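K.L.:
Pasting a structure below so you can have a look.
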Amino acid sequence: KEEEKEEEKEEEKEEKEEKDDECNLVRVWDNVKFPSPFPKFSLDAEFISLSPQETEIREDGRRVVVYPSHFGLARVSLVGDDGVCYMDDYIEQEDQVHDYLTQYSGIHPGDLTPSTSTHHLVNRKQVYLKIKYLISQNVDWIGHGLEKDFRIINIQPPKDKITDTVELFRLPGQRKLSLRFLVKVLLGRSIQQVTHDSIEDARAALSVYRVYRALCDSPKKLASVVEKIYLIGRSSEWNVENVDESTSEILADELHGVPIETF
């Protein structure tokens, strides 16, 4: 009987939390007016390390990972395909930060602390509810490497509503291409020169997506672009610093007439 009572209490608690979530879903976007219909949203997230990777050396001399690094959500930005940045939230941390990974995240000590942060700081639950609300509105999502972003946010939109730019210009079985490399080759732009910025990356992914959509009208041209991107990658050793105007000329014919947007 005691076990049954505990189970009932747990069920009641879950039902209450679910109802609270439903009420809060609308409130989290109180100060934002979305157009109708909803735009497509390009999402990018930045992470910090909450604990280091732990390894050990086995008897045969191999170093193996015993516990992987534990990442925490630090910043989430959301840009609509109408050009509007609807969200740029930094997340207050409940756990101690092991490494801010500033070179890759753009997050500095103090950015996630209420007493020192100059950014729009929220708790993780607010970010979750914002994304959950948009999922409930059946919106389309665009981004580069969205699987990891949504996994750490701890939410999953329907797969048919996600367009991941990491897969758009990829040859089957070949390496995945970085957003930085795709932007340089397709758009002739440089991003992430000093560090990452999630608004810049969200806008960049949106621009890469638009190039893809423009090329979809001609499957042969799209296939040729993908082949040539890998040709450029191999010749430049996948280093954007080795991609110059003469290298980009390889794609000149295929990209002629394709709208290349600034962001």
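The values are calculated or read from the model by the stated rules, or taken from the named source; none is laboratory data. Since the model is a prediction, treat every value here as computed from it, not as a measurement. Neighbour counts are summed over all protein chains in view; Cβ atoms, including those assigned to glycine, are modelled from backbone coordinates with ideal geometry. Note: areas computed on protein heavy atoms with side chains; ligands, DNA, RNA excluded. Shrake-Rupley method; radii C 1.70, N 1.55, O 1.52, S 1.80 Å.
K.L.:
For residue 246, tell me the accessible area in Å² from a 1.4 Å probe, rounded to the nearest 10.
P.N.:
For residue 246, solvent-accessible area is about 80 Å².
K.L.:
Let me ask you something else. Report the gain in length on full extension from residue 51 to residue 27: 0.36 nm times residue separation, minus Cα-Cα distance, nm rounded to one decimal.
P.N.:
5.3 nm
K.L.:
What ranking of 50, 112 comes out by heavy-atom accessible area, probe 1.4 Å, highest first?
P.N.:
These residues rank, largest area first, as 50, 112.
K.L.:
For region 54-129 and region 143-210, write down the distance between their C-alpha centroids in whole Å.
P.N.:
18
K.L.:
To continue, here is another question. What accessible area per residue, rounded to a whole number of Å², is obtained for the chain using a probe radius of 1.4 Å?
P.N.:
Dividing the accessible area of the chain by its residue count gives 59 Å².
K.L.:
For residue 156 and residue 95, what is the calculated FRET efficiency with R₀ set at 30 Å and r taken between the beta-carbons, to the nearest 0.05?
P.N.:
0.85
K.L.:
Quick one: how many Å² of residue 164 are accessible to a 1.4 Å probe, rounded to 10?
P.N.:
That residue has around 30 Å² of solvent-accessible surface.
K.L.:
Let me ask something additional. Relative to the compact globular guide of 2.2 N^0.38 Å, what is the alpha carbon radius of gyration of the chain, as a ratio?
P.N.:
Compactness ratio reported: 1.18.
K.L.:
Under a 1.4 angstrom probe, counting protein chains only, how are 184, 33, 130 ranked by accessible area, largest first?
P.N.:
Numbers: 184 45, 33 180, 130 20 Å².
Highest to lowest solvent-accessible surface, that is 33, 184, 130.
K.L.:
At 1.4 Å probe size, with the rest of the protein present, what percent of the exposed accessible area of the chain is carbon and sulfur atoms?
P.N.:
45
K.L.:
Further question on the same structure: Along the Cα-to-C-beta direction of residue 108, a point sits 7 Å from the Cα; which residues of region 180-208 have their amide N less than 13 Å from that point?
P.N.:
Correct set: 195.
K.L.:
Do you know the Lys pair count in region 94-228 for C-alpha distances under 26 Å, with sequence separation 8 or more or different chains?
P.N.:
Going through region 94-228 pair by pair, I get 25.
K.L.:
Could you work out the Rg to Rh ratio of region 136-263, with Rh taken as the Kirkwood radius (inverse of the mean 1/r over all Cα pairs)?
P.N.:
Details: Rg = 14.8 Å, Rh = 15.4 Å.
My calculation puts Rg/Rh at 0.96.
K.L.:
Give the accessible area for residue 6 in Å² (nearest 10); use a 1.4 Å probe, count only protein heavy atoms, and leave out ligands, DNA and RNA.
P.N.:
Approximately 110 Å² for this residue.
K.L.:
For region 54-165, what is Rg from Cα atoms divided by 2.2 N^0.38 Å, rounded to two decimals?
P.N.:
1.29
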